[in-house]
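Step one of this worksheet: look at the structure below.
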Amino acid sequence: NLQMLKGVGPKLVALLHSFGITSFAQIAAWSESDIDRMDAQMGSFAGRIRRDNWVEQAQLLEGGDTGAYEAKFGKL
């Protein structure tokens, strides 16, 4: 459920799904160039990936480290 990422709501989930992004693992593996490429396609949501630390959030969630996630980003 990509909406577990702080700052990601239904509209962003729909947008990500339209790009084929459906899992935390995909976001967790993004490089800086991947972020740049995705950000260029985000329209009015440009800048959200870095501002909301999606990659770090996804890495923690993918790894199952809810304690570290909640310590840094708040309750799930």
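The values are calculated or read from the model by the stated rules, or taken from the named source; none is laboratory data. Just so it is clear, the model here is predicted, and its values are computed rather than measured. For neighbour counting, all protein chains shown are included, and Cβ atoms are generated from backbone atoms with ideal geometry for every residue, glycine included. Surface areas here come from the heavy atoms of the whole protein model, side chains and all, with no ligands, DNA or RNA. Shrake-Rupley method; radii C 1.70, N 1.55, O 1.52, S 1.80 Å.
For this structure, a couple of remarks:
- The set of residues in the stretch 29-63 that are more than 15 Å from Leu12 (Cβ to Cβ) and assigned to a helix (DSSP H, G or I) comprises Glu32, Ser33, Asp34, Asp36, Arg37, Glu56, Gln59, Leu60, Leu61, Glu62.
- Selection within the stretch 52-76 - closer than 15 Å to Gln3 by Cβ, open to solvent by less than 60 Å² (accessible area, probe 1.4 Å) and hydrophobic (A, V, I, L, M, F, W, C): Trp54, Ala58, Leu61, Phe73
- Where Asp39 falls short, out of the listed (1) open to solvent by 80 Å² or more (accessible area, probe 1.4 Å); (2) without any contact (Cβ under 8 Å) to a residue 12 or more places away in the chain; (3) not hydroxyl-bearing (Ser, Thr, Tyr): (1)
- Residues that are hydrophobic (A, V, I, L, M, F, W, C) and open to solvent by 40 Å² or more (accessible area, probe 1.4 Å) within the stretch 17-36 comprise Phe19, Ala25, Ala29, listed in sequence order.
- Some residue of the stretch 8-16 being in contact (Cβ under 8 Å) with a residue 40 or more places away in the chain, open to solvent by less than 60 Å² (accessible area, probe 1.4 Å) and in contact with a helix residue (DSSP H, G or I) (Cβ under 6 Å, 6 or more places away or on another chain): yes
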